[in-house]
1. Evaluate the following for V396: is it modelled with pLDDT of 95 or more and farther than 30 Å from R426 by Cβ?
2. Mind listing whichever residues of region 246-273 are outside any loop (DSSP other than H, G, I, E, B) and more than 20 Å from A285 (Cα to Cα)?
3. Would you confirm, using the coordinates I've provided, whether E238 is in contact (Cβ under 8 Å) with a residue 40 or more places away in the chain and surrounded by 15 or more Cβ atoms within 10 Å (Cβ to Cβ)?
4. Residue under question is R398, and the condition is that it be in a helix (DSSP H, G or I), among the basic types (K, R) and out of contact with any Asp or Glu (no Cβ under 9 Å at 6 or more places or on another chain); does it hold?
5. Contact list please: Cβ distance under 7 Å, first residue in region 107-124 and in contact (Cβ under 8 Å) with a residue 60 or more places away in the chain, second residue buried (at least 16 other Cβ atoms within 10 Å of the Cβ) and of a type in the set (D, E), pairs at least six apart or on different chains.
6. What number of residues within region 253-274 satisfy the criterion of being loosely packed, with under 10 Cβ neighbours inside 10 Å and under 14 Å from W315 (Cβ atoms)?
7. Within region 356-389, track down each residue that is touching a helix residue (DSSP H, G or I) at 6+ places or on another chain (Cβ under 8 Å), in a helix (DSSP H, G or I) and over 22 Å from Y173 (Cβ atoms).
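The values are calculated or read from the model by the stated rules, or taken from the named source; none is laboratory data. Remember, predicted model here, so these are calculated numbers, not experimental data. Here the Cβ is made from the backbone with ideal geometry for all residues, glycine too, and neighbour counts use every protein chain on show.
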Amino acid sequence: MLQEQFTTSHRKYASVSEEFSLKHATAYGGGNLLLDYYLGRLKLPELFLEHLAVHKAAWASYQMPDIATSLIAGFTLGLHRIHHFEGIEDDELLALKLNLPKLPDYTVLYKDLEKFNTPEKLASLGKVNQQILKYLVERGVILDIDSTVKTAFGGQQMAEVGYNPKHHGRASYHPLLAFDGISRSLIHARLRGGKAHTAEGFSDFYEECVCQLPSGVHIRFVRLDRGFRGEKVYLFLEDEAKVDYVSKLCWTSGLMERLRRGALWKRISCDEEIIEVCQLRAQLADWSKDRHVVIIRRRPADEPVQGTLFRELLWKYEAIVTNLDWDPEDVWHFYNQRGAAENYIKEMKDGFGIDHFPTGNFLANWADLLLKMVAYNCFLAFQKELAAPGYKRFTVGRMRRLFFQVPAVLVRHSRRWTLRLLQSFRRQEAWLQMRASLAALNPGAT
């Protein structure tokens, strides 16, 4: 009976035909606001023109500032791979904003990436990034240095079989990344072969990070995970860089033996988990001197202790070495804030596709990584200066869904272009607020 009622009352599906007749349409209505910021506030084309050490013939249809700006726009809008740019090649809004007849063909993008064929040309991308960092970093930065593994699924140059936790035995790259723990910005990135140890080339990489910082900005602290442990790294930070640092240590029997000689534990939590900290001076096997070591141990609060023969086995231990003269609890909390760097790397992978390789050429892949670094920092600057308070910590993927990937139609009337967005767009208030913020930053812009 119910099925019969449903059948008689159910409306038939509407029959809708298709025709390819819509002109001046775009799937990236939010690209108008985004590119107004990139072009008007950050002045990306001018930065690339001034700093890029890669040039093309004067008769070329697309100069390198056009290529680089197109890549930055595409990466921000969600195009992780170069061949994805085929989908926006005829987008009239993006071409109009970049003052181009059409966006470059993706085959041109491949070829021009390979023009970054020397370290000097790669370094010129760092100079552009330095200019973007002026909008992000304060006078002092907290340098969170980390590495990640990027598996190569082709025959990419310098991709080697090394440590690869997800795809064992597969060739990979092992890049180094340095973030600012305050602004989330990516200070510097270096692409390396898969066999490179985490701490390999650390001192050179640190000096490159210093050179990447805008004038007047210095490194206040450095935070490192256990992959950077070692006397060579610690001596460099203490004697040459002269910077305060915290670094995770591997837990060893030597540290346990040192605890057994006597340690004054301070309990800092006893709710669901019991956490205790202590500090000591210790000189490990490969150290040339003793250093300040903070030790943390934890166990579930409901774990029975009485009657246990080896009570040490109930605890999980971790150790941190530092040259900071802080309370051990403060050192532990300060180091734990470094965990946000893992989220920044995840954003770089999920949001900007740094785990995709466009070519088989090593330096071209490095250039792709650096361009995505610039795109990431440009987006952070957009969020910092324009986004409403509730949107400042959104991922780039979420911002695309909410603001950038909005269908729209370009209309030209009285020699003026107007972008017609959805009347039912739910976040008009936030959009208009961002537009007003941009107008305040660029009062002379139209």
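1. no
2. K266, R267, I268, S269, C270, E273
3. Considered against the rule, which asks whether it is in contact (Cβ under 8 Å) with a residue 40 or more places away in the chain and surrounded by 15 or more Cβ atoms within 10 Å (Cβ to Cβ), E238 comes out as yes.
4. Answer is yes for this residue.
5. From region 107-124, the pairs are L113/D368.
6. Number of matching residues: 2.
7. C378, F379, A381, F382, Q383, E385, L386
Here's the yes/no breakdown for (1) under 30 Å from E385 (Cα atoms); (2) of a type in the set (A, V, I, L, M, F, W, C); (3) out of contact with any helix residue (DSSP H, G or I) (no Cβ under 7 Å at 6 or more places or on another chain):
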{"residue": "V16", "(1), (2), (3)": "no, yes, yes"}
{"residue": "Y28", "(1), (2), (3)": "yes, no, no"}
{"residue": "E50", "(1), (2), (3)": "yes, no, yes"}
{"residue": "N99", "(1), (2), (3)": "yes, no, yes"}
{"residue": "K111", "(1), (2), (3)": "no, no, yes"}
